[in-house]
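**Q** This is the structure I want to talk about, given as structure tokens.
The values are calculated or read from the model by the stated rules, or taken from the named source; none is laboratory data. Model, not experiment: these values are computed from the prediction. Methodologically, a virtual Cβ is constructed for each residue, glycine included, from the backbone with ideal geometry; neighbour enumeration extends over all protein chains shown. For accessibility, only protein heavy atoms count, side chains too; no ligands or nucleic acids. Shrake-Rupley method; radii C 1.70, N 1.55, O 1.52, S 1.80 Å.
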Amino acid sequence: MTTAGITRVVTMDLHAGQIQGFFDIPVDHLGSASIIAKYINQKKEETDMGDIVVVSPDLGGVTRARDLADRVNAPIAIIEKRRPRPGVAEVMNIIGDIKGKTCILVDDIVDTAGSLCGGAKALKEMGASRVFAACAHAVLTDPAVERIQKSVISELIITNTIPLPQEKQIDKIKVLSVAPLLGEAIMRIFHDVSVSRLFDK
């Protein structure tokens with residue numbers, strides 16, 4: 001990319017933040033947590049969501065869950081999983097109190113939605129009243145949409161970093177636009193103003 005002449009990168013929700021270190025040009029790594037949190041906080045005002053708990057689908061996603069939890073003023077819980085063989089994950093335990101609460105299962109990428117729907121099912125079985133899910137990048141490879149439709153997930157909140165085709169748009173999926181955040185980042189770069197303030201939004 002740099003060989004092609006790129007002098008700056010603006011990106012959203014890298015799967016691993018360390019990727020920034022592979023560039024020798026400025027990288028602005030924006031997060032979708034602010035956009036998702038704004039939607040959840042608005043939903044809390046308009047409907048009775050009850051006690052909310054933000055849930056990480058694994059130990060590796062705790063930082064992401066904590067970021068969203070701080071923005072919606074909620075505690076976190078963690079799904080403890082083991083992988084008996086490649087491509088298979090079994091829920092062993094839930095770390096945290098989820099009984100009778102509204103869980104928001106947060107991840108960065110949803111591909112086939114197998115792990116997401118499995119995690120949501122485990123949360124319900126262990127006492128959660130409702131399960132919402134949220135992610136930045138919705139790849140939604142078949143049969144993801146069918147799985148989500150049949151799952152216990154009340155709503156999947158995604159951003160439009162990957163356009164959602166018309167045939168995959170269902171009532172259970174809520175798409176939020178990242179345009180305002182990216183637009184503000186571009187304006188700040190253009191006017192030589194700090195972009196880092198956007199990380200705290």
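**Q** Mind scanning 99/168; 81/101; 99/150; 38/81; 81/174 and naming the pairs with a C-alpha gap bigger than 25 Å?
**A** Table pairs above 25 Å Cα-Cα are 99/168; 38/81; 81/174.
**Q** Among 176, 92, 116, which residue has its Cα furthest toward the positive end of the charge dipole of the chain, with +1 on Lys/Arg Cβ and -1 on Asp/Glu Cβ?
**A** The Cα lying farthest towards the positive end belongs to 92.
**Q** Then there's this: So what's the Cα pair-distance distribution over the chain, bin width 10 Å, in %?
**A** Spelled out per bin, shortest first, that is 8, 33, 35, 18, 5, 0.
**Q** Per residue, how large is the accessible surface of the chain? Use a 1.4 angstrom probe and give square angstrom.
**A** Accessible area per residue: 55 Å².
**Q** Only helical DSSP H runs with n ≥ 4 go in: add -39500 (n - 2.57) per run for the chain, normalise by residue count and round the 222 nm mean residue ellipticity to 500 deg cm²/dmol.
**A** Helix contribution divided over all residues of the chain: -8500 deg cm²/dmol.
**Q** Additional query: Can you give the extra length, in nm with one decimal, that the chain gains between residue 111 and residue 141 once fully stretched, where that is 0.36 nm per residue apart less the Cα-Cα distance?
**A** 10.3 nm
**Q** In segment 51-201, what percent of the accessible surface is made up of carbon and sulfur (1.4 Å probe, ligands and nucleic acids excluded)?
**A** Solvent-exposed carbon and sulfur of segment 51-201 make up 51 percent of the total.
**Q** Using only the Cα atoms of segment 21-128, build the gyration tensor, take square roots of its eigenvalues as a ≥ b ≥ c, and label the shape rounded, prolate or oblate: rounded if a/c is under 1.5, else prolate if a/b is larger than b/c, else oblate.
**A** Oblate, because a/c is 1.5 or more while a/b does not exceed b/c.
**Q** What net charge do the residues around residue 77 carry, taking every other residue with its C-beta under 9 Å from that of residue 77, with Lys and Arg at +1 and Asp and Glu at -1?
**A** After counting each charged neighbour, the total is 0.
**Q** Spin-label point model (7 Å from Cα, Cβ direction): what's the residue 196 to residue 7 distance in nm?
**A** If labels sit at residue 196 and residue 7, their model points lie 2.2 nm apart.
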